[in-house]
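Visitor: The structure is given below, and queries will be raised subsequently.
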Amino acid sequence: MIDQIDQQWLRSFHCVYENNSFKQAAEYLGMPTSNVSRHVALLEEQLNVRLLNRTTRRVTPTEFGEQLYGSTINLMGALNDAFKEISYHSQAVSGQLKVLMPDIPMLADAAVSFCLQYPEISFLCETSLSPKEDLLDGYDLVVTFNRGKLADSGWIAKEIMRYPSVVVAAPSVIERYGRPHKLAELSQLPCITSLTALNGVPWVFKDNTGQHLHQHVKSSFKVNSGTMARSAALAGIGFSILPQWSCAAEISAGLLKKVELEAQPEDLVLYAFHAGRKHLATKISLFVECLQQALNNG
């Protein structure tokens, strides 16, 4: 029968019982008196008993009303305490936080800073640059890079940081193969690509309107590390797309040459993914904020 009775009906009945008045109960509950009266009437109809005697001067409980109140008051109190406890823990910055993210110094520093700030957190972290979809379950948060449109999933994505990128090559590579000007030329040139991250190929560019352009490239050097990709580019293995900040010094020193094409490389974006829950635990949102602050100030 419990599935046929609305909790608010019982709450309204309790309040009328305790105040001996529909009007005072309505003021306490912050709702119209007609609503409170309707709740009690629906409860009586469902139970097929009269719970309250109503006169123009007073409201008094019947025998059944006394019995129902006495039998449910402790249950209502326990239920209220349970709700409060769950609400408190969802807002508390404590408990376990399980994260999957790239092994990058700035992210590591942010995680350490977060744990120092919230010592009641039990922090569990696995590192991966490009986690596979079937391995994501069980994590509170997954931090990963993406270039271009995100694949559809049941996860909610929060952008943490956006990195403008450039196509670069060592002077020796440009001297040997020439400087390309069209995206299509890249398909005939040696390129350094990701092994698994960002789906490896194709490379993703954006035109003046922001539309994505995809260009397939050939590669005999595929790595899952931005540091290794930059080292390979410096060594003359081929053309590479790198975040601009990661190779600005090498470009300034002439160790790498920037390649201008008819479209710009799409930004490399760091995202934080969490399960599609409507109410996000405070510890998760605070950790995301910590990452954003660390990277924006870094």
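The values are calculated or read from the model by the stated rules, or taken from the named source; none is laboratory data. Just so it is clear, the model here is predicted, and its values are computed rather than measured. Don't worry about glycine lacking a Cβ; one is built from the backbone with ideal geometry, like all the others, and counts go over all protein chains shown. Ligands, DNA and RNA are excluded from the accessible area calculation, which covers all protein heavy atoms including side chains. Shrake-Rupley method; radii C 1.70, N 1.55, O 1.52, S 1.80 Å.
Visitor: For segment 135-189, name all the residues that are open to solvent by 60 Å² or more (accessible area, probe 1.4 Å) and among the acidic types (Asp, Glu).
Guide: The answer is Asp137, Asp152, Glu159, Glu175, Glu185.
Visitor: Could you list, in sequence order, all residues of segment 40-76 that are open to solvent by 90 Å² or more (accessible area, probe 1.4 Å) and either in contact (Cβ under 8 Å) with a residue 12 or more places away in the chain or at positive phi (or both)?
Guide: Matches in segment 40-76: Asn48, Arg50, Arg58, Phe64.
Visitor: What single numbered condition from (1) open to solvent by less than 80 Å² (accessible area, probe 1.4 Å); (2) over 34 Å from the mean Cα position of the chain (by Cα) fails to hold for Val217?
Guide: (2)
Visitor: Being modelled with pLDDT under 90 and aliphatic (A, V, I, L, M) is the requirement here; does Leu150 meet it? Quick ask: steps written out before the conclusion?
Guide: Details: modelled with pLDDT under 90: yes; aliphatic (A, V, I, L, M): yes.
In short, yes.
Visitor: With the condition kept exactly as written, say whether any residue in segment 80-97 is at pLDDT 90 or above, surrounded by 14 or more Cβ atoms within 10 Å (Cβ to Cβ) and closer than 30 Å to Val142 by Cα.
Guide: Yes, some residue in segment 80-97 is at pLDDT 90 or above, surrounded by 14 or more Cβ atoms within 10 Å (Cβ to Cβ) and closer than 30 Å to Val142 by Cα.
Visitor: Still on this structure: Hey, Val166 hits all of (1) under 24 Å from Asp103 (Cα atoms); (2) part of a helix (DSSP H, G or I); (3) of a type in the set (A, V, I, L, M, F, W, C) but one; which does it fall short on?
Guide: (2)
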